[in-house]
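The values are calculated or read from the model by the stated rules, or taken from the named source; none is laboratory data. This is a predicted model, so every value here is computed, not measured. Cβ placement follows ideal geometry from the backbone for every residue including glycine, while neighbour counts extend to all protein chains displayed.
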Amino acid sequence: MMAERARQEEAAHAALDLAKKLGCDDASVISALSNGNQVRFANNSITLVNSVRDITLDVYLAQSRKRIVGSSYNPTEKGIARFVESLFLSLRALPESEDYVPLPTGPFAYKPQHANYDPAVEDAPFVEFAKEAIDSALSSGAVRASGSVNSDVTHLYMVTSGNAKGSDRSSQILLNVRAFADDNSSGQGLSCSSYLSEFHPGKAGSKAGEHAKKALNSKPLAEGDYNVIFTPTVVANILPVASEASAFAIETGNSFLAEKLGQKVAVPQLNVEDRGVYEHGLGGRVFDDEGVPTGSNQILQEGVFKTMLHNSTTAKKFGKDRSTGNAGILSPQPNTIVFSAGDSTLEEMVRDIRNGLFVTNNWYTRYQNIRAGEYSTVPRDAAFKIEAGELKEPVTGFRLSDSIPRQLLNIELLGREREWIKWWEVSTPTLAPAMMIRGVRVTRAVGS
């Protein structure tokens, strides 16, 4: 491991030294040494066990107001030279950027480092975790289960021409299990953590199996407006407040938050924060792609849009004196997303609804008008009708069609408990509660 770390740092310095030798005005190099494990399972059986160790080199170059970024995987000494030289030749062919801003000048102090790193993740019994998820799903009423366990332990090393240098390490282990009681009745369970002690495959499998069993004999749902309870899994997907607070998204007109800074956009009980590292949370990093320390940015405070996310370029364009520590050199992005908790249990949310729905999962979220935040999404897995404060029959064959701005202003209840969410529908680690939202529009799904 020490030899690999040394090779990783040498690769970063070699790329930076060559960029300077070629005459670049700016250069940033981030080397990621990753140890990943994956176990896939389908129809109650393990189908794949795989381990991969990689070094990834992400390089940013700037010269004469021209800018470019590129990536190389597992580069050799000669490969690094070819990669940087090729990137530089491509850079020279580009037009000048009106938005060019020099990289910030360090050195910087990065704290806390290695906050979300657990060495036990690297050698965890991944196959046993997959079997535990399967067995728990079956014992809870499912007849088959499929999914994956993925882990990653990453060491980052960063150097820039602006005299920034730093390292960080993180770990994560993610389980996604989907259980079936028959071909049309399914449930999903997630367990996402940086720490082995907080990873619970049995609990996730049981949840998936229970929902699958309850979803048997589902009925079509009539169109109309419903008060809907969304699980944290769905909230993390349909309310992308942090990503749309990116100054790049706002500037390009691809955000419902455009021209709303300082305005009320949500109910007062909702706060949304970007954290560089949420200590004892999931993921995150202590520096961004420009070498700027990450920190805490209050995006929504008591329902008011308070903070755009910036890199150095967008900060200058919007008249700010500094980046928020969210580079993406080309486009600012959140690091980890934290929704505030409320004071309601799931049972209390259900009791509060006379005519509504409980939606446990979704996919195929598509925008009809991204500037207005108008979208539709298809419920996936178990969903249930709520009548007179009780969960009733399972329902299917419908689509949710709504707008994010309307939903943010119609949040009725926030869940007391929050869960870390990350899977292929939610790429940025998100700590989210369940929510009850009033008046969500339900339409018939195509073909139902």
Looking only at strands (runs of 3 or more DSSP E) that fall completely inside the range 376-448, which ones have 1 or more residues that are touching a Lys or Arg at 6+ places or on another chain (Cβ under 9 Å) and of a type in the set (Phe, Trp, Tyr)? 383-387, 398-403
Hits in the range 320-343 - residues which are surrounded by fewer than 22 Cβ atoms within 10 Å (Cβ to Cβ) and either hydroxyl-bearing (Ser, Thr, Tyr) or not assigned by TED's automatic domain parsing to the domain that holds Val286 (or both): Ser331, Ser340
Selection over the range 119-140 where residues are surrounded by fewer than 21 Cβ atoms within 10 Å (Cβ to Cβ) and touching a strand residue (DSSP E or B) at 6+ places or on another chain (Cβ under 6 Å) yields a count of 2
I'm trying to understand the selection: among the residues of the range 371-390, which are within 20 Å of the chain's Cα centre (by Cα) and under 17 Å from Lys213 (Cβ atoms)? Arg380
Six or more apart or on different chains, Cβ atoms under 8 Å: show the pairs whose first residue is in the range 197-212 and within 13 Å of Gly147 (Cβ to Cβ) and whose second is modelled with pLDDT of 95 or more and among the basic types (Lys, Arg). Ala208/Arg178
Here are some conditions: (1) closer than 30 Å to Asp17 by Cβ; (2) of a type in the set (A, V, I, L, M, F, W, C); (3) outside any strand (DSSP E or B); (4) in contact (Cβ under 8 Å) with a residue 24 or more places away in the chain. Ala120 meets all but one. Which one does it not meet? (1)
Which pairs turn up if I take residues in the range 57-81 that are within 12 Å of Ala19 (Cβ to Cβ) and look for partners that are assigned to a helix (DSSP H, G or I) and among the charged types (D, E, K, R) with beta carbon separation below 9 Å, at least 6 apart in sequence or on another chain? Gln63/Arg92
What about Gln172, is it touching an Asp or Glu at 6+ places or on another chain (Cβ under 8 Å) and either under 19 Å from Gly36 (Cβ atoms) or among the acidic types (Asp, Glu) (or both)? yes
Residue that is nearest to Gln63 (Cα to Cα) [pool: residues in the range 99-116 that are hydroxyl-bearing (Ser, Thr, Tyr) and surrounded by 13 or more Cβ atoms within 10 Å (Cβ to Cβ)]: Tyr100
Which numbered condition in (1) part of a loop (DSSP other than H, G, I, E, B); (2) farther than 16 Å from Leu309 by Cβ is the only one that Pro240 fails? (2)
Restricting the first residue to the range 3-31 and requiring it to be in contact (Cβ under 8 Å) with a residue 40 or more places away in the chain and surrounded by fewer than 17 Cβ atoms within 10 Å (Cβ to Cβ), which pairs with a second residue that is in a helix (DSSP H, G or I) and of a type in the set (Ser, Thr, Tyr) meet a Cβ separation below 8 Å and a spacing of at least six or different chains? none
Only one of (1) small (Gly, Ala, Ser); (2) touching a residue at least 24 places away in the same chain (Cβ under 8 Å); (3) on the phi < 0 side of the Ramachandran plot fails for Ser427. Which number is that? (2)
Collect the residues in the range 159-208 that are among the basic types (Lys, Arg) and more than 20 Å from the chain's Cα centre (by Cα), keeping them in residue-number order. Lys165, Lys203, Lys207
Could you identify the single residue in Thr360, Thr314 that is at pLDDT 95 or above, within 27 Å of the chain's Cα centre (by Cα) and more than 23 Å from Lys260 (Cα to Cα)? Thr360
Could you check the range 32-67 and list, in sequence order, the residues that are surrounded by fewer than 18 Cβ atoms within 10 Å (Cβ to Cβ) and among the polar types (S, T, N, Q)? Ser34, Gln38, Asn43, Asn44, Ser45, Thr47, Asn50, Ser51, Ser64
Can you pull out the residues in the range 171-229 that are assigned to a strand (DSSP E or B) and closer than 25 Å to Leu413 by Cβ? Gly187, Gln188, Gly189, Leu190, Ser191, Cys192, Gly224, Asp225, Tyr226, Asn227, Val228, Ile229
Of those in the range 271-282 that are surrounded by fewer than 23 Cβ atoms within 10 Å (Cβ to Cβ) and not polar (S, T, N, Q), the residue farthest from Ser171 (Cα to Cα) is Glu273
